[in-house]
Amino acid sequence: MKRKRSLGDRIFDIVNTLFMLLIIVIMAYPLWYVLMASLSDSNYLAAHTGALLVPLNFNTGAYRMVFKNPNILSGYGNTVFLVAAGTLSSTLFTLLAAYVMSRKPFPGKKFFMIMMVIPMYFSGGMIPSYILNNNWLKLGNNRLVLILPVLVVTYNMVILRTGLEAVPESLEESARIDGASEFKILFRIMVPVAKASLAVVLLYYAVSYWNSWFNAAIYLRDREKYPLQLILREILINNSIDSMTAGEGGDMLAIAESIKYATIMVATVPILCIYPFVQKYFVKGAMIGAVKG
């Protein structure tokens, strides 16, 4: 029987809804401002102050200039390669490690777990340059240097391990009786059941590789190998937009601001488009990793 809601319950719902709407506006407005600014005429934008809700004299010139820049195009290609190769390889090796850690205790399991934790302290470009630039490794100025040092993130492995531990042992035992190999058990039984946790790990890796720039700034020397985020950093911090504004009339400062906003949108929107497709798995997978240890 449905409980009759009291006046206090209805007031709470109204206040909670208004509060959440306020949070949404606060979080979404900066992105909306950048979008509107990128679609505005540079001269109108330079003279504008205050909030920006609609484009000022709608103009897509900043985007045309962004996509004419060869550094942006090569950065996009490098980032797509990094996200695709990095996400797939990291997810695969994390899955293999999580599968081993999710099974019954085995000799040396604690030692193996310690060895999995160590790479966390070397992530984010903290591996000494002389190691990665060693002639034997041949990783200096190589795109693989953006993947190998952060191939397996222990936090993601723990999430995936917890998801695999939730798979009933009876399924595994039945598969073994039928003669299934370890790889068949993993990919035919474990992965479909733990797809929520796997989707979370995929998202974490994809976002991490898409936003990666620090390792590239340290180890890459050729600009044609730079990922998109490093190109964006140069544009935002170092004002390296000379090649994009060369030959353009008008106020260079105004044009530069429009290009910055357009570049931010170009570098941000693609990764935002991934979230709707994995949202239904995200909460479930993250909660599994948080509740079970």
(request) Exactly one condition in (1) surrounded by fewer than 22 Cβ atoms within 10 Å (Cβ to Cβ); (2) among the aliphatic types (A, V, I, L, M); (3) modelled with pLDDT of 85 or more is not met by ALA256; state its number. (result) (3)
(request) Evaluate the following for SER212: is it open to solvent by less than 50 Å² (accessible area, probe 1.4 Å) and not in a helix (DSSP H, G or I)? (result) yes
(message) Test of understanding: among GLU169, GLU173, GLU165, which residue is open to solvent by 50 Å² or more (accessible area, probe 1.4 Å), in contact (Cβ under 8 Å) with a residue 40 or more places away in the chain and farther than 28 Å from TYR76 by Cα?
(response) GLU165
(request) Kindly indicate the residue of the range 31-71 that is aromatic (Phe, Trp, Tyr) and open to solvent by 80 Å² or more (accessible area, probe 1.4 Å) and also farthest from VAL266 (Cα to Cα) among those meeting that condition. (result) TYR44
(message) Given the options LEU35, LEU52, name the one that is closer than 15 Å to ALA262 by Cβ and assigned to a loop (DSSP other than H, G, I, E, B).
(response) LEU52
(message) Is it the case, given these coordinates, that LYS110 is assigned to a loop (DSSP other than H, G, I, E, B) and modelled with pLDDT under 80?
(response) no
(request) Just give me the residues in the range 259-293 being out of contact with any Phe, Trp or Tyr (no Cβ under 9 Å at 6 or more places or on another chain), open to solvent by 50 Å² or more (accessible area, probe 1.4 Å), assigned to a helix (DSSP H, G or I) and at pLDDT 70 or above, in sequence order. (result) VAL269, LEU272, PRO276, PHE277
(message) I need a count of the residues in the range 215-230 that are modelled with pLDDT of 85 or more, open to solvent by less than 20 Å² (accessible area, probe 1.4 Å) and part of a helix (DSSP H, G or I).
(response) 3
(message) So, in the range 40-72, how many residues would count as being more than 30 Å from GLU224 (Cβ to Cβ) and among the β-branched types (Val, Ile, Thr)?
(response) 2
(message) I need every pair where a residue in the range 186-206 that is on the phi < 0 side of the Ramachandran plot has its Cβ under 8 Å from the Cβ of a residue that is of a type in the set (Lys, Arg), sequence separation at least 6 or different chains.
(response) ALA196/LYS284
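The values are calculated or read from the model by the stated rules, or taken from the named source; none is laboratory data. Just so you know, these numbers come straight off a predicted model, no measurement behind them. Using ideal geometry, Cβ is built from the backbone for each residue, glycine included, and neighbour counts are taken over all protein chains shown. Ligands, DNA and RNA are stripped out before the accessible areas are found, and what is left, the full protein with its side chains, is counted by its heavy atoms. Shrake-Rupley method; radii C 1.70, N 1.55, O 1.52, S 1.80 Å.
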